[in-house]
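Report on one structure; see the data block that follows.
The values are calculated or read from the model by the stated rules, or taken from the named source; none is laboratory data. Everything numeric in this text was worked out from a predicted model, so none of it was measured. Reconstructed Cβ throughout: ideal geometry from the backbone, glycine too, with neighbour counts over all protein chains shown. Note: accessible area is taken over every heavy atom of the protein model, side chains too, but ligands, DNA and RNA are not part of it. Shrake-Rupley method; radii C 1.70, N 1.55, O 1.52, S 1.80 Å.
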Amino acid sequence: MRTSLNIFGSTRSSVHRNHALITPDTHVKAPLVDWLNSEAIFHISPAMGARFLQYTALMGDNSRSSVLRETVERFVYVLEGSIKLTSKENKQTHALRPGHYAFLPATSDWIVEAKRTAKLEIFEKQYVPLKGNPSVLQAIIGDASQVSSEPFMGDPGAQLKTLLPKDAAFDMAVNLFTFQPGATLPMVEIHVMEHGLLLLEGAGVYRLGDSYYPITAGDVIWMASYCPQWWVAMGKTPSTYIYYKDVHRDSLEDWK
Ligand code: UGY
Ligand code: MN
């Protein structure tokens, strides 16, 4: 018997033209084509107007990821379990645990394997090479706990960790943002870059467009280009979110 039956059909999930809040009660699993023994919850996709994919990959026992399609780059953040990253081309293998991450560039042969169940948050986009300066990106593999943070716009209560190099060859950024209870984004931001976000811990209220949403760990948010955004962390413990942002492609050519 289902004990969590929601007889009134209510949810905090809310999907709009320029933003979406996706809460865990509304998740529906989908098969991961080309992966072995794995399923996904596709949170954010071009089907809703986004220019990237954000999904939670649920890897089963003895599972394996797909190899990247030529033009697609992938960022992997380990939420639960242990995975092995392998590239035959690079003759490298890495063991990753929760809090570890990897950026896998387009046209690379990196694959992820798991012996036991593992849960990954994944961001993917079509790589847009820098006009006039096409360079081949290398994989970036790291441990978020070893990355130092900076106060955001001078506020020590809002600490930002930048997980990828601030190099214009990269067209995506993924950051970890930790807020002490009561800390806020210092302004309502409106910008051309879009975001995909997963709240890893804590709670608070996100302003998206003209609406204010209560947010708790496990919630995903999509913010389209120009979606007004603001956040206040609440409760007794710090809040941390991981978020994606498209960066460094501002010429009209890049928008074709
Ligand atoms: O990088 C950012 O634009 C960030 N400050 N936005 C956000 O946290 N919603
Ligand atoms: Mn922003």
TODO: Counting only C-alpha contacts under 8 Å and six or more residues apart, can you give the relative contact order of region 90-169 as a whole percent?
DONE: 34
- [ ] Can you pull the one-decimal nm distance between simple spin-label points at Lys91 and Ser135, each 7 Å off the Cα toward Cβ?
- [x] 2.5
Task: Residues of the chain: accessible area per residue with a 1.4 Å probe, Å² - done: 51
Task: Whole-Å distance, taken between Cα centres, linking region 181-231 and region 83-161 - done: 23
TODO: Calculate what fraction, in whole %, of the accessible area of the chain sits on carbon and sulfur atoms when a 1.4 Å probe is rolled over the protein chains.
DONE: 55
Open item on the list: Among the listed pairs Lys84/Lys119; Lys166/Lys245; Lys115/Lys166; Lys29/Lys166, which have their C-alpha atoms separated by more than 23 angstrom in this model?
Closed with: Lys115/Lys166; Lys29/Lys166
TODO: Might you work out the accessible area of Met234 for me, using a 1.4 Å probe with all protein chains in place, and round it to the nearest 10 Å²?
DONE: 100
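In the calculated pair distance distribution of region 17-93, what percentage of Cα-Cα distances lie above 20 Å?
Every Cα pair in region 17-93 considered, those over 20 Å come to 40 percent.
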